[in-house]
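> Next up is a structure, given as structure tokens.
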């Protein structure tokens, strides 16, 4: 990816919130998955259409689990990009920033960039991709092409074949999975998964800040657990 830019005050604040959330959430990552529970919740909460979508999602996981990672990320990216329509949180949830669980995203059939990234991340975890190969990455996306002067907050899922390798970018705005060097429109700020947070390409040192707020990441981890994903 391009060089990490200097963090704004807002970026630093969000980084602190996420790090505190990761510490509070611990390393719980899909410890006890109950997809039957998720299937039942899909039917009881949202009806047969959502239950069918979740059934297709479960079939996808079964089909791609024995495949190489390259096939897993391609099919997962295609599954969500073809079924989920991008929409702003304010229109979906009447909130400015809401991070949906995969079940909620599949139920609404709409989501913003965070929702796409979270759903792809969890799907790949369930399909056996190593957690250390994935980071949900907060970026600034250049709008309007190469000469655009506006940058918008955005999230993508970065997949690292090897720890020092150039990541591949799974993005709801661009269907094709491309290496980071072919996404000059993205300026990374930080990346995280259920085990850590990275700023400037290095693992962040742990900190214990009792005044830090619980982040949306911790909240969505808890709600995913209630849905059967943990």
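No lab work stands behind these numbers, since they all come straight from the coordinates. Note that the coordinates shown come from a computational prediction; the quantities given were computed from them, not determined experimentally. Cβ coordinates were reconstructed from backbone atoms using ideal geometry, including for glycine residues, and neighbour counts include every protein chain displayed.
> All but one of (1) assigned to a helix (DSSP H, G or I); (2) crowded, with 24+ Cβ neighbours inside 10 Å hold for residue 137, so report the exception by its number.
(1)
> Taking only segment 142-168 into account, find how many residues are surrounded by 14 or more Cβ atoms within 10 Å (Cβ to Cβ) and either at positive phi or without any contact (Cβ under 8 Å) to a residue 24 or more places away in the chain (or both).
1
> Out of the residues in segment 60-76 that are within 18 Å of residue 131 (Cβ to Cβ) and under 18 Å from the mean Cα position of the chain (by Cα), which is surrounded by the most Cβ atoms within 10 Å (Cβ to Cβ)?
So the residue we want is 76.
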